[in-house]
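> The structure follows.
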Amino acid sequence: MPSTPKGKLAVGAAVGKGFLHITRDLGLKDPFTGSVELVSGEIAEDIAHYLITSEQTPSALSLGVLVETDNSVVAAGGLLLQLLPQAEQSVLDTIEKNLSKLPPISSLIKDGETPEDIINRVTEGIEVKILETKPVCFCCQCSRERLENLLIGIGKEEVSSMLEEQGGAEINCHFCSERYTFDKKDLENVLIKIESQGKKKDD
Ligand SMILES: [Zn+2]
């Protein structure tokens, strides 16, 4: 990846132009998705632009990654701040002031600061109550069972033709790219489940 004179990775130059697709799984039946054209290619700037223009939520977003000369990651993390509709102007002013003197997020993480430490920096002068903490991970809600249900949902005809034409099916999860393979026997099982559901409906 190219780097800028300050030694910061030029993510924008590597990403180039295109679209940013955002998917949020809010635990509802379908995930919420939206997209905007990339403005800069710098991930934080583009996500903030998306939140402000598409979701109309005043947001500040800071992402950072610190890499060694061998490209290994030393520290990486981010901060997303969003204003609730009733937030007072004074809160906004204080946060803006604190953000302007916030060191790069990656260096704070490298120095061992916790998310709570960073929140305290950004909200200095405001009373803060932590309501919940959750670990973050690169993980997905997908499972073999979920995708099998998807196959059951698309119906007998489609599954039969997959079985006839390809002798199986390969499905990639839209969100995490995990690949699930269903062989001949799996699809036959899916067909049996579709049949038995149909029967239940007929009863
Ligand atoms: Zn997945």
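> Sequence-distant or interchain residues sharing an amide H contact under 5 Å with Glu178, placed H: which?
Cys173
> Now, a different point. Step through the residues of the range 96-102 one at a time and calculate ³J(HN,Hα) from phi using the Karplus curve (6.51 cos²θ - 1.76 cosθ + 1.60, θ = phi - 60°), rounding each to whole Hz and writing x for Gly and Pro.
Per-residue couplings from phi come out as 4, 5, 5, 5, 5, 9, 6 Hz.
> Counting other Cβ atoms within 10 Å of each Cβ, which trypsin sites (Lys or Arg not before Pro) in the range 51-143 have at most 12 and sit in a DSSP loop? Display every interim value, and only then the final one.
Values: sites: Lys97, Lys101, Lys110, Arg121, Lys129; in loops: Lys101, Lys129.
Sparse-neighbourhood loop trypsin sites (Lys or Arg not before Pro): Lys101, Lys129.
> If you don't mind, another one. What are the ³J(HN,Hα) values, in whole Hz, obtained from phi via the Karplus relation 6.51 cos²θ - 1.76 cosθ + 1.60 with θ = phi - 60°, for each residue of the range 167-182 in sequence order, with x given for Gly and Pro?
x, x, 8, 10, 10, 9, 5, 4, 8, 10, 6, 4, 9, 10, 10, 10
> If you don't mind, another one. Enumerate the calculated ³J(HN,Hα) couplings along the range 38-50 in order (Karplus 6.51 cos²θ - 1.76 cosθ + 1.60, θ = phi - 60°), each rounded to whole Hz, writing x wherever the residue is Gly or Pro.
5, 8, 10, x, 7, 4, 4, 4, 6, 5, 4, 4, 4
> Return the equivalent ellipsoid semi-axes of the chain as a descending list in whole Å, where each equals the square root of 5 times an eigenvalue of the C-alpha gyration tensor.
On the way: eigenvalues 390, 100, 54 Å².
Gyration-tensor ellipsoid for the chain: 44, 22, 16 Å.
> Pick out which of Ile126, Ile118, Ile154 has the largest mean-square fluctuation in a Gaussian network model of the chain, springs linking Cα atoms closer than 10 Å.
Ile154
> Give the angle, between 0 and 90 degrees and rounded to the nearest 10, that separates the Cα long axis of helix 144-154 from the longest principal axis of the Cα atoms of the chain.
Compared with the principal axis, the helix lies near 60 degrees.
> Over 32 Å between C-alpha atoms is what I'm after, so list which of Lys134/Lys184; Lys29/Lys199; Lys134/Lys156; Lys101/Lys129; Lys29/Lys185 land there.
Lys134/Lys184; Lys134/Lys156
> Using only the alpha-carbon atoms, how far is helix 184-202 inclined from the longest principal axis of the chain? Give it as 0 to 90 degrees, nearest 10.
80 degrees
> May I pose another question? Considering the options Phe19, Leu151, Ser72, tell which one lies farthest towards the positive end of the dipole of the chain, charges being +1 on Lys and Arg and -1 on Asp and Glu at the Cβ, about the Cα centre.
Ser72
> Which of Ala75, Ala48, Ala169 ends up with the largest GNM mean-square fluctuation for the chain, with Cα atoms connected below 10 Å?
Between Ala75, Ala48, Ala169, it is Ala169 that shows the largest mean-square fluctuation.
> Could I ask something else about it? Averaged per residue, what accessible area in Å² does the range 95-203 show with a 1.4 Å probe, protein chains only? Show your work: numbers first, answer last.
Details: 8440 Å² over 109 residues.
Here the per-residue accessible area is 77 Å².
> Turning to a different aspect of this structure: Let me have the 222 nm mean residue ellipticity of the chain computed from DSSP H runs of 4+ only, each contributing -39500 (n - 2.57), with the sum over all residues rounded to the nearest 500.
Values: 8 runs with 83 residues, N = 203.
Mean residue ellipticity at 222 nm (helix-derived): -12000 deg cm²/dmol.
The values are calculated or read from the model by the stated rules, or taken from the named source; none is laboratory data. If you're wondering where the values come from, they're calculated on a predicted model, not measured in any experiment. As a convention, Cβ positions derive from the backbone with ideal geometry for all residues, glycine included, and neighbour counts pool all protein chains shown. Heavy atoms of the whole protein, side chains included, go into the accessibility calculation; ligands, DNA and RNA do not. Shrake-Rupley method; radii C 1.70, N 1.55, O 1.52, S 1.80 Å.
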